[in-house]
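The values are calculated or read from the model by the stated rules, or taken from the named source; none is laboratory data. As the structure is a prediction and not an experimental result, all values here were calculated from the model. Positions of Cβ are backbone-derived with ideal geometry, glycine not excepted, and every protein chain shown enters the neighbour counts. When the accessible area is computed, the model is the full protein with side chains, heavy atoms only, and any ligands, DNA or RNA have been set aside. Shrake-Rupley method; radii C 1.70, N 1.55, O 1.52, S 1.80 Å.
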Amino acid sequence: MDGITGSLGIVGYGLSAIGPGVGVGLIFAAYVSGVARQPEARGMLQTIAILGFVLCEQFAIFGIALAFVFGGL
């Protein structure tokens, strides 16, 4: 019986990518809600939303790097 071989690091990354995905959704939902309530604050809110997006996505990129390092790929 051969069985399945591979790395669980990629499975772990797939599960950990849910967090940044939810985070990005919440960030832009709050941005859209804020612009709808106060359109004149769009510039300031857009800057904060993009900064939040970048900080949230860095965890996804960091996670894929760790999946490759500790996954043995």
So, in the range 5-34, of the ones that are buried (at least 16 other Cβ atoms within 10 Å of the Cβ) and among the aliphatic types (A, V, I, L, M), which residue ends up farthest from VAL69 (Cα to Cα)? ILE27
I'd like the full set of residues that are open to solvent by 80 Å² or more (accessible area, probe 1.4 Å) and closer than 27 Å to GLY19 by Cβ, limited to the range 38-53. MET44, THR47, ILE48, ILE50, LEU51
Which one of the conditions (1) of a type in the set (Gly, Ala, Ser); (2) open to solvent by 50 Å² or more (accessible area, probe 1.4 Å); (3) modelled with pLDDT under 95; (4) part of a helix (DSSP H, G or I) does ALA60 fail to meet, given that it meets all the rest? (2)
